[in-house]
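Heads up, the thing below is written out as structure tokens.
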Amino acid sequence: MSADADPSLAALLAFDRDHLWHPYSSALTPTTPYLVESARGVRLTLRAPDGQRREVIDAMSSWWCAVHGYAVPELDEAARGQLERMSHVMFGGLTHEPAIQLGRQLLELAPEGLQHVFFADSGSVSVEVAMKMALQMHIARGRPRQRFFTIRGGYHGDTFSPMSVTDPDGGMHHLFRGLLPEHVFAPRPPAGIDADLSAWKAATASLYAVHAAEIAAVIVEPVLQGAGGMHIYHPEAVTFLGELARAHGALVIHDEIATGLWRTGRPWASQWCQPSAAPDILCVGKALTGGYLSLAATLCSAEVAQGVSAGEAGGLMHGPTFMANPLACAIASASLTLLRSRDTAAQVSRLEGGLRLGLQSAAYLPSVADVRVLGGVGVIELTEPVRVHEVTAAALEAGVWVRPFRNLVYTMPPYVSEPDEVAQICSALVGAVRSAHP
Ligand SMILES: *Cc1c(COP(=O)(O)O)cnc(C)c1O
């Protein structure tokens with residue numbers, strides 16, 4: 001069926017093009033998106049601009065969220081059950097079982113020492129809250145500190161505080177000069193889970209020493225920087241940053257919005273550290289509801305919670321309208337139950353094996369700079385910017401939805417992907433790179 005024969009599709013896409021913002025998009029040169037009709041298992045049903053209906057594997061898990069795939073019976077059931085009771089009530093002065101149950105599950109799973117949960121409505125907001133906790137903690141101690149220490153190449157969200165600790169180039173800090181607080185950026189740790197860190201440690205420690213008295217917290221994505229470049233680095237760098245912070249009275253914030261909930265093979269990426277490097281404050285989001293609804297959380301230690309609350313403000317000064325939305329909490333709770341009842345670590349480890357096997361041949365292509373895999377994350381890094389349109393179209397031809405950025409063609413498949421589906425993702429990605437970047 002062509003779009004001519006289906007005026008409704010053409011009209012939908014025309015309205016979209018003329019009026020809807022898509023992420024990081026231009027209203028002057030809008031690109032035509034693919035319309036998704038439905039999704040089931042690991043597959044999306046797309047209507048292409050020409051009207052063709054096509055089932056494709058979602059190699060992106062909808063920006064890393066849909067870890068169980070789509071139309072998951074257990075999550076649908078949780079949503080239906082909660083809808084019958086209530087979709088939403090305010091969290092000021094009220095509480096409900098879905099939030100209590102989810103809070104319990106999160107603290108059971110969380111790295112040691114975390115005792116308090118603040119529910120936020122998106123990842124960026126959970127980072128805002130984490131940074132606010134750190135600032136309020138130092139204010140309450142009577143020694144305000146106003147800067148954060150991080151590493152280059154990170155991504156922490158698009159609202160202003162998270163953007164201020166996102167990589168200065170990737171976060172386009174020059175656009176907002178004067179409006180963004182200027183935090184302290186150490187070099188990015190060298191690539192590779194077993195890289196030699198000695199030069200990086202020396203540079204980072206001396207930079208830290210210059211600013212030590214003003215640093216409220218170190219904030220970092222442990223072991224894998226996601227949207228900042230799919231950069232895998234040594235867990236010891238995470239430990240080192242934590243030690244620097246603690247040695248100078250600063251807090252440690254782990255942004256595990258991308259890496260948490262087994263994406264790197266363990267419940268939290270910080271668990272690759274030896275000994276395991278628990279943070280004072282932890283952000284979790286993305287996969288939290290299995291991709292059903294927007295929900296995130298900021299967890300913190302009893303010391304942080306008590307410190308913040310002892311201050312003049314008398315509490316943590318944050319409270320989103322949709323805080324702890326019951327529907328989202330009920331689904332998240334069912335999702336965590338699923339993750340814990342299945343052997344998720346083994347599932348992700350099989351995924352990792354499939355990605356390694358399937359992507360290795362890309363390393364021999366002339367336009368490929370690097371191929372790397374960690375847990376359920378497979379990355380092909382090119383020597384040049386990705387021709388996004390060509391790569392996406394070629395992958396769709398091979399039955400796979402992929403959304404590359406910068407010089408990276410990558411996949412984060414749903415954990416439930418079968419071996420043949422992982423193989424199809426890999427061959428589609430490698431084939432798309434081969435044809436679009438000969
Ligand atoms: C996606 C992401 C965020 C922002 O989450 P949103 O839900 O998009 O606001 C923050 N930090 C990391 C590491 C992320 O991957």
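Summary table
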{"item": "Filter pass, Leu357 being closer than 20 Å to Arg263 by Cβ, over 18 Å from the mean Cα position of the chain (by Cα), surrounded by fewer than 24 Cβ atoms within 10 Å (Cβ to Cβ) and in contact (Cβ under 8 Å) with a residue 40 or more places away in the chain", "result": "yes"}
{"item": "Every residue from the stretch 222-248 that is within 15 Å of the ligand (Cβ to nearest atom), farther than 15 Å from Pro187 by Cβ and part of a loop (DSSP other than H, G, I, E, B)", "result": "Pro222, Val223, Gly226, Ala227, Met230"}
{"item": "Among (1) within 16 Å of the ligand (Cβ to nearest atom); (2) farther than 16 Å from Ile257 by Cβ; (3) part of a helix (DSSP H, G or I), the one test that Arg188 misses", "result": "(3)"}
{"item": "Extreme residue, farthest from the ligand (Cβ to nearest atom), among residues of the stretch 249-284 that are among the polar types (S, T, N, Q) and in contact with a helix residue (DSSP H, G or I) (Cβ under 8 Å, 6 or more places away or on another chain)", "result": "Gln274"}
{"item": "Top-ranked residue in the stretch 122-159 [being away from the ligand (no atom under 16 Å from the Cβ) and in a helix (DSSP H, G or I); ranked as farthest from Glu182 (Cα to Cα)]", "result": "Ala140"}
{"item": "Residue satisfying condition, being within 22 Å of Ala328 (Cβ to Cβ) and either among the hydroxyl-bearing types (Ser, Thr, Tyr) or under 21 Å from the mean Cα position of the chain (by Cα) (or both), within set Met60, Met86, Met90", "result": "Met60"}
{"item": "Of all residues making up the stretch 292-320, the number that are away from the ligand (no atom under 16 Å from the Cβ) and either assigned to a loop (DSSP other than H, G, I, E, B) or closer than 30 Å to Glu74 by Cβ (or both)", "result": "10"}
{"item": "Selection status of Glu236, of a type in the set (Asp, Glu), touching a strand residue (DSSP E or B) at 6+ places or on another chain (Cβ under 6 Å) and in contact (Cβ under 8 Å) with a residue 24 or more places away in the chain", "result": "no"}
{"item": "Residue in the stretch 243-265 that is closer than 24 Å to Ser61 by Cβ, of a type in the set (Val, Ile, Thr), crowded, with 18+ Cβ neighbours inside 10 Å and without any contact (Cβ under 8 Å) to a residue 60 or more places away in the chain present", "result": "yes"}
{"item": "Matching option when the condition is assigned to a helix (DSSP H, G or I) and either modelled with pLDDT of 95 or more or under 20 Å from the mean Cα position of the chain (by Cα) (or both), among Val386, Val371, Val379, Val348", "result": "Val348"}
{"item": "Looking only at the stretch 139-160, and only at residues there that are over 17 Å from Met230 (Cα atoms) and crowded, with 22+ Cβ neighbours inside 10 Å, the one that is farthest from the chain's Cα centre (by Cα)", "result": "Arg145"}
{"item": "Elements of type strands (runs of 3 or more DSSP E) contained in the stretch 20-121, each with 2 or more residues being of a type outside the set (Val, Ile, Thr) and within 16 Å of the ligand (Cβ to nearest atom)", "result": "114-120"}
{"item": "Lone unmet requirement of (1) under 25 Å from Asp50 (Cβ atoms); (2) surrounded by fewer than 24 Cβ atoms within 10 Å (Cβ to Cβ) for Val400", "result": "(2)"}
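The values are calculated or read from the model by the stated rules, or taken from the named source; none is laboratory data. Just so it is clear, the structure is predicted and the values come from calculations on it, not from any experiment. We place every Cβ from the backbone using ideal geometry, glycine too, and count neighbours over all the protein chains shown.
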